[in-house]
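Peer 1: Right, I'll just put the structure down here and ask away after.
The values are calculated or read from the model by the stated rules, or taken from the named source; none is laboratory data. Since the structure is predicted, the reported quantities are computational estimates derived from the model, not experimental observations. A quick note on method: Cβ atoms are made from the backbone with ideal geometry, for glycine too, and the neighbour counts reach across all protein chains shown.
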Amino acid sequence: MLVYYVFIGCIYTYLRRPNRKLHLSVETSSTDNFLPTIPTIPFYFLRHGETDWNRDGQAQGQTDIDLNNSGRTQARRAAVAVGSLEIGTVVTSPLSRARETAEIATQATGLKLIVENRLMEQFFGPSEGREWQRRWGEGYPPPGSESPMHFEERVIAGLATALSHRPSVIIVSHGGVFRIIGRVLSGIANAHCPNGILMRFDPLPKNRPAWRFCSIISD
């Protein structure tokens, strides 16, 4: 397998039971209106493989949907890329689509998975299971959802904790989580990571306070 890098941006930028919901969306108030310090070390991000709801364009949020066969194939494909890396820590969302992807993609490393609840997808309440177009038609986020501010705060807190498990961390999580990380670290709005794709984040030099990320693709 040929592993190569495709640069996307350098702008300064268990639940095995299907349809079970994990709610991590209770709003919290705090006078500390700041994000935690993120360790400036390279890390990898792998989005979970495809599910039937991904395929059908349904919003998943925190509804616990298993991988489909295509998703498991994507995870095995990612395992080829992961096998060429020196991974020391695997951190995963607790949702089964991420956890199973992590199990498949990192099995050869022999590493135990570290579950980080704050790296779950955004909670969309009654809009989970609906088609994306219908949900976005009334604005974002739809009623009953986790607020964008709360989502960002918990994701960045979860990222900071994940990266404290040095060295060579790979995070297995969700598209919404990647969007938050890409925007906060790299300044790229609406950063996108397809299902089953492995990304690498690198901090830029100190005089450039941002990160770049690229996809690592196996052919």
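Peer 1: Could you please find all residues in segment 160-180 being touching a helix residue (DSSP H, G or I) at 6+ places or on another chain (Cβ under 6 Å) and not polar (S, T, N, Q)?
Peer 2: Result: Val169, Ile171, Val172, Val177, Ile180.
Peer 1: Related question: What are the residues in segment 164-187 that are surrounded by fewer than 21 Cβ atoms within 10 Å (Cβ to Cβ) and not in a helix (DSSP H, G or I), if any?
Peer 2: Ser164, His165, Arg166, Pro167, Ser168, Gly187
Peer 1: Additional query: Any residue at all in segment 91-99 that is among the β-branched types (Val, Ile, Thr), surrounded by 18 or more Cβ atoms within 10 Å (Cβ to Cβ) and either out of contact with any Lys or Arg (no Cβ under 9 Å at 6 or more places or on another chain) or modelled with pLDDT under 90 (or both)?
Peer 2: yes
Peer 1: Please report, ordered by residue number, the helices (runs of 4 or more DSSP H) entirely within segment 57-163 with at least 2 residues that are under 17 Å from Asn195 (Cβ atoms).
Peer 2: By residue number, 69-82, 96-106.
Peer 1: Could you look through segment 107-132, keep only residues that are of a type in the set (A, V, I, L, M, F, W, C) and closer than 24 Å to Asp52 by Cα, and pick out the one that is surrounded by the fewest Cβ atoms within 10 Å (Cβ to Cβ)?
Peer 2: Trp132
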